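Engineer: Have a look at this one.
The values are calculated or read from the model by the stated rules, or taken from the named source; none is laboratory data. Keep in mind it's a predicted model, so treat the numbers as computed, not measured. As a convention, Cβ positions derive from the backbone with ideal geometry for all residues, glycine included, and neighbour counts pool all protein chains shown.
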Amino acid sequence: MLGRIFNIHDVVLIVTIMECLLLALFQLAIPSGTKKDKALLSAFLASIAISSVGVLLLWNDSISLGSYFDNCLLPYFLTVSLLARGPLLFLYVQYLTKENPIIARRHIAYFLPIPIFIGYIYWFGVQSDHLTMRAGEEAQKQIANVIWDFVKYFTVAFAVLSILYIRQYQLRLKQQFSAVSMGAVAWLYLLTAGFLLSWAWGIVTHLLSGQGLIPLALANAFGLAANYMTFILVNSLFVYSLIYAHSALRTNQDATTPTVEAEIEDTAPNRIKFVMDHDKVYLKPNLSIEALAKRIDLPVKTVSSVINVQFNTNFFEYVNTYRVEAAKALLAQPEHAKTPVAEIMTLAGFSSKSAFHRFFKRVTNMSPSEYRKQHSKSN
């Protein structure tokens with residue numbers, strides 16, 4: 001009874017397992033968010049938990065779920081969970097950053113390696129000792145290496161795709177909207193980059209130890225470091241999901257989505273035009289459709305529908321058209337002849353340089369500098 005079963009590294013794994021399972025259940029229980037993004041995050045956390053159980057059973061001889069499970073079934077559970085975590089992370093990222101996310105049949109293709117490797121393990125009779133390289137002939141070790149190599153590169157590939165997808169989303173937001181909060185997207189980017197670093201760390205460790213470039217003790221230390229990184233990332237991801245994921249990422253895009261057959265008040269178009277023309281609310285860089293609706297005491301859905309149906313545009317296009325007109329007026333004024341274009345942009349209500357130049361060129365067919373030169377000549 002006095003013998004020590006766990007060391008501190010195993011305790012970290014056990015805590016990670018328990019946290020993943022509890023957080024996955026809690027994620028499904030909380031009322032905020034949608035069923036699909038909560039289900040994807042729960043599935044991702046469950047895959048981390050199962051893979052952590054597999055790692056614990058694989059390397060700790062003091063823990064056992066029965067000889068048959070440990071030797072014969074464990075390779076299946078471990079491989080499936082490791083292959084699932086990459087696609088699940090990618091789908092979660094997609095679901096958070098798409099305007100109208102759906103789970104399509106084509107997404108099943110992301111998980112095709114799972115049945116392939118289940119058949120591979122069964123065909124070659126891969127056991128746990130083969131995965132740890134503790135036993136078996138050289139041919140069996142090579143078979144196990146195929147599993148480790150594919151799992152690690154496959155997982156990292158999906159992490160890279162997730163990073164690229166978030167990056168494209170960031171650029172799309174900056175191009176389409178003049179004022180948008182990037183805090184939630186930045187946090188998602190950092191967390192995804194953290195998982196990429198953790199999984200890429202596993203590839204480096206595997207390559208260095210496989211080539212005999214580092215001693216076994218150092219390779220084990222690298223593997224333990226990856227476990228600690230996973231522990232930190234799991235906690236961070238859950239906190240992120242509570243603070244940001246269910247509202248922050250799609251708030252601005254939802255505002256531009258046309259509402260079908262919304263009930264439009266007769267006075268709404270005039271009220272919107274009044275605050276734009278006379279109060280010049282568009283000069284506020286952080287103006288949102290929620291703020292505009294509150295200013296004129298109308299529901300957000302009504303304001304969105306009026307802009308889409310009556311003005312035949314969306315909120316950001318509508319506001320930025322006013323901002324372009326303000327910028328044109330400033331650029332044409334002699335007293336602003338030497339005012340930097342960046343300052344004109346800010347005075348007109350823009351906060352994004354790319355959005356300013358894009359909208360300005362769309363309206364005038366020329367850049368702000370060209371517009372200024374043309375009007376300075378005419379003056």
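Engineer: Is there a residue in the range 324-331 that is more than 30 Å from Asn270 (Cβ to Cβ) and surrounded by fewer than 18 Cβ atoms within 10 Å (Cβ to Cβ)? Before the answer, list the steps.
Structural biologist: We begin by selecting, within the range 324-331, every residue more than 30 Å from Asn270 (Cβ to Cβ); these are none.
No, the range 324-331 contains no residue that is more than 30 Å from Asn270 (Cβ to Cβ) and surrounded by fewer than 18 Cβ atoms within 10 Å (Cβ to Cβ).
Engineer: Can you run down the residue pairs with Cβ atoms below 6 Å, 6 or more apart or on separate chains, where the first is in the range 218-232 and part of a helix (DSSP H, G or I) and the partner is surrounded by fewer than 15 Cβ atoms within 10 Å (Cβ to Cβ) and of a type in the set (S, T, N, Q)?
Structural biologist: Close Cβ pairs satisfying both conditions: none exist.
Engineer: When you scan the range 282-379 for helices (runs of 4 or more DSSP H) that lie fully inside it, which ones turn up with 1 or more residues that are in contact (Cβ under 8 Å) with a residue 12 or more places away in the chain and aliphatic (A, V, I, L, M)?
Structural biologist: On the way: elements: 289-295, 300-309, 315-332, 341-347, 353-364, 368-378.
It comes to 289-295, 300-309, 315-332, 341-347, 353-364.
Engineer: Give me a count of the residues in the range 117-151 that are assigned to a loop (DSSP other than H, G, I, E, B) and not polar (S, T, N, Q).
Structural biologist: Just the residues of the range 117-151 that are assigned to a loop (DSSP other than H, G, I, E, B), to begin with: 125-127, 132-137.
Checking which are not polar (S, T, N, Q) leaves us with 125-126, 133-137.
So the count comes out to 7.
Engineer: Tell me the residue from Ile114, Ile63 that is assigned to a helix (DSSP H, G or I), of a type outside the set (Asp, Glu) and touching a residue at least 24 places away in the same chain (Cβ under 8 Å), please. Walk me through how you get there before you give the answer.
Structural biologist: On the way: Ile63 fails: assigned to a helix (DSSP H, G or I).
After ruling out the rest, the residue left standing is Ile114.
Yes/no per residue for (1) at pLDDT below 85; (2) touching a Phe, Trp or Tyr at 6+ places or on another chain (Cβ under 8 Å):
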position: Ile5; (1), (2): yes, no
position: Thr16; (1), (2): no, yes
position: Leu74; (1), (2): no, no
position: Pro87; (1), (2): no, yes
